[in-house]
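*Asks:* Structure below; questions to follow.
The values are calculated or read from the model by the stated rules, or taken from the named source; none is laboratory data. Here the structure is a predicted model, which is why all the values come from computation and not from measurement. Quick reminder, even Gly has a Cβ in these numbers, built from the backbone with ideal geometry, and neighbours come from all protein chains shown. When the accessible area is computed, the model is the full protein with side chains, heavy atoms only, and any ligands, DNA or RNA have been set aside. Shrake-Rupley method; radii C 1.70, N 1.55, O 1.52, S 1.80 Å.
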Amino acid sequence: MKSILSVTVNGRRREDAIPDNLLLIDYLRDGLGLTGTKQGCDGGECGACTVLVDDEPRLACSTLALQVQGRRVETIEGLAGDGDLTPLQRAFQDKLGTECGFCTPGMILAAEALLRRNPHPGREEIKQALSGNLCRCAGHAQIVAAVETAAESRKNETAMEGAR
Amino acid sequence: MNALPDFRLHRPATLDEAVRLKAQIEHPACVAGGSDILVNLRRGLAKPGDLIDLSGLRDLDAIERIGDELWIGALTTLARLTRDGAVAAAYPALAEAAATVAGPTHRAAATLGGNLCQDTRCVYYNQSEWWRDGNAYCLKHCGEKCHVVAKSDRCYATYHGDLAPVLMALGASAIVARAGGLRRLPVENLFREDGAHYLTLAPDEILAAIALPPLNGRAAYVKGRVRESVDFPLTGIAAALKREGDVIAALRVAITGMNSAPLMVDVSKLIGKPWNDETATLLSNALRSRATALATTLAGPKYRRRAMQGLARRLMDQVWAHG
Amino acid sequence: MNTQDMRIPRADASQDKSAAKVSGKARYAADIPANGALVGRILRAKIPHARIVSIDVSQALALEGVAAVCTGADCPAPLGGAATEFPLARDKARYRGEAVAAVAARDEATAEQAIRLIRVEYEKLPAYFDAKKAMGEGAEAIHADKPGNILREAHATSGDVEAGFAAAELTREKSIKFGEVNPAQLEPNATLVEVGRDGGLILHAATQAPQDVRACVAQGLGMDEAQIRVENAYVGGGFGARSECAPFEIIAALLARKAKRSVRLKQTREETFLGHRGRPETHVAVKLGMMKDGRFTACQVQTTQTGGAYASRSAADGAAPGLYALHARQHDLLRACANLPPCGGAAGAAESIAGVEALINEMAGELGLDPLAVRALNAPRELADCLEAVKQASGWAERRGQTPKGRGLGLACGRLTEGDDGGVAALALEVSVDEVTGKATAHKLWIAAHVGGALDPRAAESRIRTGVWMGLGRALSEETRYVDGKMLHGNLLDYRMPTLVESPDVEVVVIGAADAAPADASPVDPRTGANWAAGLSAAVMPALMGAVHEAAGVWPHTLPLSPDRVSDLLDARDRVKK
């Protein structure tokens, strides 16, 4: 069975005829070549496939592609648009650039969802919000520091915009 | 890898349409947040020809006051339950329990209805097709034999939902939609103590909402687990207490993570007495006779029983102190 | 396509790579585009020990869309020259999950269907899942050339051990069991093999050992190494699982050569767990002699590992170097071979050190001595520096014995790597124990490491944090579990690696790092390729045991200290009290 999916992916509207049983992760990776969304487990265990659907974090491995019908999907590739890295990405690059990087896209998107909902999260909130994203290399220190740095620079950007 | 079976996906826009579909289709399965069923389908634990996606039913994600009850639509996400002002004000135990479910990204997708109706679990069941095939399958799916209780005639897979015991302690009702309209039943009656057939819903029924009566007293939920995120409860206890002076005027206790269904615990012997060592022993005995933890999880049953006893005592100390 | 020459990574690529990781542009093995590549799947043994009587692949081959089927007959060369392990099982299957056959087909569904059409006739053999039974009298030999199922044996003695114990004022013994742990690298195993016009192969592999993969694939396929190129731009962790060629890399190459087309072989998380090469279950029996002032007189360690059906080729030599200036030492290692997935090559040096460290804590307690002072008394200069740094950083002198009820402070030392090169470390750990749930929670960890030479301090710190993080997992919650050789833990819910919520504050003091170029890549020591996880887990585990003792008055003997284990200890303690 195939159906038509209309969806906005990384700011671009698309229509694709896709099988009913296609998972969002496979649509993104195999269909659109957006391989920044990682598969780390056999379903729902590791968080590596986290994407944003209408600003909320979502596991692409346990979501049907047709369930994002009419919605706005953002993957790691779309976070910075066509420009440079976002402050959050730069902070992860700075603090965690030497780690293996496999959990990083999902971790960044979970953090992005947190910062959109709560621009100034505390340390415990950051740990909680990212606790479904398993990381084998780092432990929390660098990850929390990266999110805190990003929150700080967002605040400064907002302040500068306000001053203009 | 772990591809989903072939199915036709139905995306009804209204509850009526969903109920109609459920009545028409033979052996349909339902998906909402996907965090339970899609994971299981990827492991080959069912092969439905039709899947009904309930996530488009806008009429089921409302939280509203109806009379003196709070109605929560079955499609309300767990993330919303943790943040909703009306829920936090009237039933903080429910918001707190929702916050303990899985991880934050699961909670953003997972729904109240899906959490209640989630499949039972077992180390011999939540495995790949290859694994189960090499183990002659099991009584819950495709097999002849239960590997947990030899020679048993029913499946002993365990129910691990966090919200059911809280709703049961709160005396909530399940609102079920079917062709003729709605029916209402106590949440505990949604479940049956049989791991393979743990829900009492008829094939043409859909869980539509939960109706919570006013809370007269104090409720709380406690969950035993190894990691403070992601993990299912190895044991979970909910209690709703009405304290009058120095006696227990009313008490409802429910458990999860122990049996094939979330269960009410008979605490009638505690009513009219103060909470002290004597009533703690009575509660302990009541829990012991109700819970039958078996080797369905990697942490052994002995541990789950011990943790249940200790956590129940701690929980009661807490609600009694604040009650 | 040019299949000549390995690509040499540029030294200045580090910044580009980290930018690629955070922007999603980094392509790991499963991300490399490959239009029209066939899908590879592996058929795995469902019984733990069996003779393979016959394999009938005719029905699978006849299925439309199947391009190639391979069995052990296609590859007579043992894996990397190892004596008995083959990429695809030949005469016997020795663990549940061993690769027996593989197919390449046009899509996943066809590959899956083809796998089910392969008929394997087995003759079941007795199987063993623990060292004792495997080495028991009359046990069936898992490998013909390993009678008694002893995979390795090592004995090392220095000084006069007997005299050392005779001189001791206190001698104690302790047995500890360390659970088997899995590398559980986050990137599942995956390989893409492209076939060049010249018949050469390009492997995009999830490996940290491209040279070894190249050599082993060449050997396995009887090809010239010059015809094989291995790319591994990004690797999602290894921790021992990817330090040498794994069977699936050769299987993918066999399929691609036979099908004359590109083959992508992705594995599930469960299969990645089956790949194992982590640390086997290890029993350590330690005997330590001490003077009343805390000086060590002799040490004896007997290590018994329940190894897998096979082990990594890159095996350590088995002599566990001690941490202290102690001449009289004896170490005996026995690794049994069991019908379990292949384990890593480590010879239990980390567990041996952990065992000794745990016993030092207990004996210091018995003698009323400060465990830090006891270690300082026996430590060589570099370790003594670490101890002093941890003492300062943690406020050891003020905190020790002063933690509130239910909390405790533990201490231990370890090596960064398992050999005697590469530095030492000391760490202190503050822990609470919940008497109701039996849960031990790590709150704060202080570590000082002497990294011994040229290493970018930032890279060193990062590797220390990784090592501590993995050590905490192993100490608190991670372990593999089998019933009759059936893996029960093959997913990331049941294999409980800690989440960020379990991650305590970690304060790192790096000593002795000289200037060096900024280092890149996965968390391994760039000088030796070894990661520091095993070495540091050797310190985290006994430190946790010591902290749990201070918090709850029990001396643990089995790791990990998961809530059920701690509960058992608390119950035993309370039974004695009554």
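*Asks:* Using the structure shown, decide if C:Glu366 is assigned to a helix (DSSP H, G or I), touching a residue at least 24 places away in the same chain (Cβ under 8 Å) and over 21 Å from C:Ala475 (Cα atoms).
*Replies:* Judged against the criteria, C:Glu366 is a match.
*Asks:* Another question, if that's okay. Quick one: which of B:Ala88, B:Ala174 is closer than 29 Å to B:Asp266 by Cβ and either more than 14 Å from chain A (Cβ to nearest Cβ) or in a helix (DSSP H, G or I) (or both)?
*Replies:* Only one candidate qualifies: B:Ala174.
*Asks:* A further question on this structure: Say we look at the stretch C:257-291 and pick out the residues that are under 30 Å from C:His327 (Cα atoms) and open to solvent by 10 Å² or more (accessible area, probe 1.4 Å); which of these is farthest from the chain's Cα centre (by Cα)?
*Replies:* For the stretch C:257-291, the residue satisfying everything is C:Met291.
*Asks:* Considering C:Ala241, C:Ala233, C:Ala252, which residue is hydrophobic (A, V, I, L, M, F, W, C), in a helix (DSSP H, G or I), touching a residue at least 24 places away in the same chain (Cβ under 8 Å) and assigned by TED's automatic domain parsing to the domain that holds C:Ile42?
*Replies:* C:Ala252 is the lone residue from the list that is hydrophobic (A, V, I, L, M, F, W, C), in a helix (DSSP H, G or I), touching a residue at least 24 places away in the same chain (Cβ under 8 Å) and assigned by TED's automatic domain parsing to the domain that holds C:Ile42.
*Asks:* Counting only residues that are at the interface with another protein chain (Cβ under 7 Å from one of its Cβ atoms) and farther than 15 Å from C:Ser562 by Cα, how many does the stretch C:469-488 have?
*Replies:* Looking only at the stretch C:469-488, we keep the residues that are at the interface with another protein chain (Cβ under 7 Å from one of its Cβ atoms), and these are C:469, C:477, C:481, C:486, C:488.
Right, trim to farther than 15 Å from C:Ser562 by Cα and you get C:469, C:486, C:488.
Residues in the stretch C:469-488 being at the interface with another protein chain (Cβ under 7 Å from one of its Cβ atoms) and farther than 15 Å from C:Ser562 by Cα: 3 in total.
*Asks:* With the requirement that a residue be aliphatic (A, V, I, L, M) and either assigned to a helix (DSSP H, G or I) or under 30 Å from B:Glu228 (Cβ atoms) (or both), what does the stretch B:143-171 give you? Talk me through it step by step, then tell me what you get.
*Replies:* Of all residues in the stretch B:143-171, those aliphatic (A, V, I, L, M) come to B:148-150, B:157, B:163-164, B:166-170.
Hits for the stretch B:143-171 are B:Val148, B:Ala157, B:Leu163, B:Ala164, B:Val166, B:Leu167, B:Met168, B:Ala169, B:Leu170.
*Asks:* Looking at (1) in contact with a strand residue (DSSP E or B) (Cβ under 9 Å, 6 or more places away or on another chain); (2) modelled with pLDDT of 95 or more, can you tell me which one C:Ala319 breaks?
*Replies:* Of (1) in contact with a strand residue (DSSP E or B) (Cβ under 9 Å, 6 or more places away or on another chain); (2) modelled with pLDDT of 95 or more, only one is false for C:Ala319: (2).
*Asks:* Here is a follow-up. Of all residues being closer than 30 Å to B:Arg243 by Cα and free of Cβ contacts under 8 Å to residues at least 24 places away in the same chain in the stretch B:279-304, which is most open to solvent (accessible area, probe 1.4 Å)? Just the residue, please.
*Replies:* The residue in question is B:Arg288.
*Asks:* For the structure I just gave you, tell me whether C:Arg399 is farther than 15 Å from C:Leu544 by Cβ and at pLDDT 95 or above.
*Replies:* Against the criterion (farther than 15 Å from C:Leu544 by Cβ and at pLDDT 95 or above), C:Arg399 does not qualify.
*Asks:* Could you please find all residues in the stretch C:405-439 being in a strand (DSSP E or B), open to solvent by less than 10 Å² (accessible area, probe 1.4 Å) and within 21 Å of C:Ala534 (Cβ to Cβ)?
*Replies:* Passing the criteria: C:Gly410, C:Leu411, C:Ala412, C:Cys413, C:Gly414, C:Ala425, C:Ala426, C:Leu427, C:Ala428, C:Leu429.
*Asks:* If C:Gly97 passes every condition in (1) at positive phi; (2) of a type outside the set (Phe, Trp, Tyr); (3) within 14 Å of another protein chain (Cβ to nearest Cβ); (4) without any contact (Cβ under 8 Å) to a residue 12 or more places away in the chain but one, which one does it miss?
*Replies:* (4)
*Asks:* Here is a follow-up. When residues of the stretch B:2-52 are filtered for being within 13 Å of chain A (Cβ to nearest Cβ), at positive phi and open to solvent by 20 Å² or more (accessible area, probe 1.4 Å), how many remain?
*Replies:* 1
*Asks:* Tally the residues that are more than 15 Å from the chain's Cα centre (by Cα), more than 9 Å from chain C (Cβ to nearest Cβ) and of a type in the set (S, T, N, Q), restricting the search to the stretch A:63-102.
*Replies:* The qualifying residues number 2.
*Asks:* Could you check the stretch C:373-397 and list, in sequence order, the residues that are surrounded by fewer than 16 Cβ atoms within 10 Å (Cβ to Cβ) and either within 27 Å of the chain's Cα centre (by Cα) or charged (D, E, K, R) (or both)?
*Replies:* Of everything in the stretch C:373-397, just one residue is surrounded by fewer than 16 Cβ atoms within 10 Å (Cβ to Cβ) and either within 27 Å of the chain's Cα centre (by Cα) or charged (D, E, K, R) (or both), namely C:Arg381.
*Asks:* Shifting gears a bit: Applying the selection to the stretch C:185-222, what residues are within 14 Å of chain A (Cβ to nearest Cβ), assigned to a loop (DSSP other than H, G, I, E, B) and under 29 Å from C:Ala105 (Cβ atoms)?
*Replies:* Once the filter is applied, which keeps residues that are within 14 Å of chain A (Cβ to nearest Cβ), assigned to a loop (DSSP other than H, G, I, E, B) and under 29 Å from C:Ala105 (Cβ atoms), the stretch C:185-222 yields C:Gln185, C:Leu186, C:Glu187, C:Pro188, C:Asn189, C:Ala206, C:Thr207.
*Asks:* Go through the residues of the stretch C:211-232 one by one and say whether even a single one is open to solvent by 10 Å² or more (accessible area, probe 1.4 Å) and in contact with a Leu (Cβ under 6 Å, 6 or more places away or on another chain).
*Replies:* There is no residue in the stretch C:211-232 that is open to solvent by 10 Å² or more (accessible area, probe 1.4 Å) and in contact with a Leu (Cβ under 6 Å, 6 or more places away or on another chain).
*Asks:* With the requirement that a residue be more than 14 Å from chain C (Cβ to nearest Cβ), over 23 Å from A:Cys41 (Cβ atoms) and not in a strand (DSSP E or B), what does the stretch B:126-142 give you?
*Replies:* B:Leu139
*Asks:* A further question follows. Determine whether the stretch B:103-113 contains at least one residue that is more than 11 Å from chain A (Cβ to nearest Cβ) and either open to solvent by 20 Å² or more (accessible area, probe 1.4 Å) or free of Cβ contacts under 8 Å to residues at least 60 places away in the same chain (or both).
*Replies:* No, there is no match, as no residue in the stretch B:103-113 is more than 11 Å from chain A (Cβ to nearest Cβ) and either open to solvent by 20 Å² or more (accessible area, probe 1.4 Å) or free of Cβ contacts under 8 Å to residues at least 60 places away in the same chain (or both).
*Asks:* Still on this structure, I have one more. From A:Leu24, A:Leu5, grab the single residue that is in contact (Cβ under 8 Å) with a residue 12 or more places away in the chain and either within 14 Å of chain C (Cβ to nearest Cβ) or more than 16 Å from the chain's Cα centre (by Cα) (or both).
*Replies:* Numbers: A:Leu24 fails: either within 14 Å of chain C (Cβ to nearest Cβ) or more than 16 Å from the chain's Cα centre (by Cα) (or both).
The conditions single out A:Leu5.
*Asks:* With the structure loaded, tell me whether A:Ala111 is within 7 Å of another protein chain (Cβ to nearest Cβ), of a type in the set (A, V, I, L, M), in contact with a Phe, Trp or Tyr (Cβ under 9 Å, 6 or more places away or on another chain) and surrounded by 24 or more Cβ atoms within 10 Å (Cβ to Cβ) or whether it fails that test.
*Replies:* No; evaluated as a whole, the condition is false for this residue.
*Asks:* Continuing with this model, one more query. Look at B:Ala312 and say whether it is in contact with an Asp or Glu (Cβ under 9 Å, 6 or more places away or on another chain) and either within 14 Å of B:Ala220 (Cβ to Cβ) or in the same structural domain as B:Tyr221 (by the TED database) (or both).
*Replies:* It is false that B:Ala312 is in contact with an Asp or Glu (Cβ under 9 Å, 6 or more places away or on another chain) and either within 14 Å of B:Ala220 (Cβ to Cβ) or in the same structural domain as B:Tyr221 (by the TED database) (or both).
*Asks:* Can you name the condition, by its number, that B:Ile66 falls short on among (1) more than 10 Å from chain A (Cβ to nearest Cβ); (2) open to solvent by 20 Å² or more (accessible area, probe 1.4 Å); (3) touching a strand residue (DSSP E or B) at 6+ places or on another chain (Cβ under 6 Å)?
*Replies:* So the condition that B:Ile66 fails would be (3).
*Asks:* Within the stretch B:236-268, which residues are part of a strand (DSSP E or B), open to solvent by 10 Å² or more (accessible area, probe 1.4 Å) and not β-branched (Val, Ile, Thr)?
*Replies:* B:Ala240, B:Lys242, B:Arg243, B:Glu244, B:Ala249, B:Ala250, B:Leu251, B:Arg252, B:Leu263, B:Met264
*Asks:* Follow-up question, since we're still on this one. Mind checking whether some residue in the stretch B:301-320 is β-branched (Val, Ile, Thr) and more than 13 Å from B:Thr235 (Cα to Cα)?
*Replies:* Within the stretch B:301-320, one or more residues are β-branched (Val, Ile, Thr) and more than 13 Å from B:Thr235 (Cα to Cα).
*Asks:* Considering every residue within the stretch C:54-76, establish whether at least one is open to solvent by less than 30 Å² (accessible area, probe 1.4 Å), in a helix (DSSP H, G or I), in contact (Cβ under 8 Å) with a residue 12 or more places away in the chain and touching a Leu at 6+ places or on another chain (Cβ under 8 Å).
*Replies:* yes
*Asks:* What residue, among those in the stretch A:115-131 that are within 11 Å of another protein chain (Cβ to nearest Cβ) and open to solvent by less than 10 Å² (accessible area, probe 1.4 Å), is nearest to B:Val101 (Cα to Cα)?
*Replies:* A:Ser131
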